[in-house]
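Note sheet for the following structure.
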Amino acid sequence: MPAQLPQEMALAGPETVNRMWLDGALEERVQTLASGLVQRPEKGKRMEKAQTNYTVGSFAGVETTGRMTFKDMLDLSGSELSVNALPAGVSVPFTHWHKRNEEVYVVLSGTGQFYVDGDEFAVAQGSVIRVSPAGERCLKADATSPLLYLCLQTEANSLVQATENDGVIVASKPSWL
């Protein structure tokens with residue numbers, strides 16, 4: 001069983017962690033604890049792929065395909081991610097809801113209209129919309145603007161902890177730190 005994060009780090013918000021980092025206290029504390037805190041998957045387990053813990057994909061060309069999903073490409077195990085491109089004036093051709101999955105839509109570029117349960121509202125670059133499974137949804141690109149957006153699906157109520165309670169700071173660093 002790995003060591004537990006010390007209380008001052010486990011309960012620290014981003015401002016506290018940043019202050020600890022700037023004071024040099026965080027790096028020293030992390031280096032002291034890192035070996036006991038980090039559990040790496042055993043070789044050959046699902047999380048490791050080609051001796052690494054990550055997979056890189058690309059959504060280049062989505063403008064011509066209209067939609068790309070990443071579950072298989074990235075070997076996702078707890079969510080589904082798609083990148084979607086609607087040409088100007090084009091709508092998703094159906095309204096739908098989900099049995100179990102909530103969706104988060106992130107508009108990357110363009111403008112459009114979003115429909116949920118009879119409500120219609122404008123969306124634009126930077127809009128983020130969460131729709132519960134039962135929400136009946138559809139979206140459309142405005143007549144003069146293509147719409148590029150991400151859609152993230154996750155089973156509703158499946159998140160057991162947020163990043164601040166799940167992330168473990170480690171001693172390794174990229175070249176830019």
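Scanning the stretch 92-134 for residues that are of a type in the set (A, V, I, L, M, F, W, C) and in contact (Cβ under 8 Å) with a residue 40 or more places away in the chain, we see that the one that is surrounded by the most Cβ atoms within 10 Å (Cβ to Cβ) is VAL107. The single condition from (1) buried (at least 16 other Cβ atoms within 10 Å of the Cβ); (2) at positive phi that THR154 fails is (2).
Read-outs: derived from the displayed coordinates by stated rules, not from any lab. From a predicted model like this one, the values you see are computed outputs, not experimental measurements. Neighbour counts run over all protein chains shown; Cβ positions are idealised from the backbone, glycine included.
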